[in-house]
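Okay, structure first, notes after.
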Amino acid sequence: MLQFQPEGFIQQGLATNLGVIAYYTHPAPDPSPHRPTLVFLHSLGGGSSAFEWSKVYGAFGLTHRVIAPDLLGWGQSTHPVRTYQVSDYFYQITHLLEALGEPPTWVAATSLTAGVVIRLAIQRPDLFRGLFLVSPSGNSDFGRDYSLSLPAWLARTPGLDTWLYRLGAANEIAVRLFLAQVLLADARRLTPDMVQAYLTCTQQPNARYAALASLSGAISFDLARYLPQLRTPTVFVLGAKSNFTPPTVVRRLASLNPSAIHSIHEVPDAGVLPHLEQPDMVIDLLKHLI
């Protein structure tokens, strides 16, 4: 079992029709007053897991009922052999919130997962009290069709897809390069626990299926088509130096629905994962909102 969760947090499991979702939570003090639920959802890139939020959610363990899952196909959760679709994430996030979240619930999410959460909040607004979204994206926003890109084509090609995953994700060199050059604004912030967490997750049996579904474009969509329908109070957060989801795109998305997007917060000197790179700033933002 991986031991990347903050001190005091334990791993538990939630059964679904597709497998078991592993999640991390902090046991309630005894006796304890009611603690509002706060759910943290990681992104959908190679090696992703609840570790992505671990430097933030640990700060809320005593004040909130924290639920930080590894989504199915990621981390320590079951890895079904399937071509993942947006509907798979709708199902498991809904199941998670209904079973554990005591909705309506505050939810923090990242990147493509944040885009999926926006679409789910449009369908099921009763599940959400508010959204704290870091660099939300559908990967094909404003008419850009990600599925036509070279990485997407390679990830859909039998034989090449497995080779691509092994060479580009499931080894230490690839993990270090991905973290240092794509996810982080400053490679000097790369730490051994980051490398080990991402590497271990990429090497889980059948981990490639969820990662390749994201890379192939099977979960991509144009978030701009959906965002105007959102009614849940929402905050956008972005890293000022994010290359993966550029700040200009995040701000353009926010402009589509100023009534629901209450504010946009830019974290300086951070990439696409400011909660991993500049966690203290993200903690402060979140504490002022919930």
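Just so you know, all these numbers are worked out from the coordinates, no wet-lab data involved. Remember, it's a predicted structure, so these values are computed and weren't measured experimentally. Don't worry about glycine lacking a Cβ; one is built from the backbone with ideal geometry, like all the others, and counts go over all protein chains shown.
A compact table of results
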read-out: Shape parameters for region 80-223, alpha-carbon atoms, Rg then Dmax in Å; value: 16.3, 44
read-out: Approximate shape of region 45-102 as ellipsoid semi-axes (Cα gyration tensor, √5λ), whole Å, largest first; value: 22, 15, 8
read-out: Theoretical FRET efficiency, 1/(1+(r/R0)^6), r = Cβ-Cβ of residue 203 and residue 91, R0 25 Å, to 0.05; value: 0.45
read-out: FRET efficiency for residue 123 and residue 280, using Cβ-Cβ distance with R0 set to 51 Å, rounded to 0.05; value: 0.90
read-out: Average silhouette area of region 143-290, convex hull of alpha-carbon atoms, in square nanometres; value: 9.9 nm²
read-out: Using a Förster distance of 30 Å, the FRET efficiency for residue 145-residue 177 (Cβ separation, nearest 0.05); value: 0.70
read-out: Hydrodynamic radius by Kirkwood, which averages 1/r over all alpha carbon pairs of region 234-277, in angstrom; value: 10.5 Å
read-out: Full-extension gain in nm, residue 167 to residue 289, via 0.36 nm per residue minus C-alpha separation; value: 39.8 nm
read-out: Under the Debye formula (equal points on every Cα, no solvent term), log10 I(q)/I(0) of the chain at q = 0.10, 0.12, 0.16 Å⁻¹; value: -0.47, -0.70, -1.37
read-out: Stokes-Einstein D (µm²/s) once Rh is taken as the Kirkwood radius of region 68-160 over alpha-carbon pairs, at 37 °C in 0.692 mPa s; value: 223 µm²/s
read-out: Dipole of the chain, positive direction: furthest Cα of 34, 54, 238, with charges on the beta-carbon; value: 238
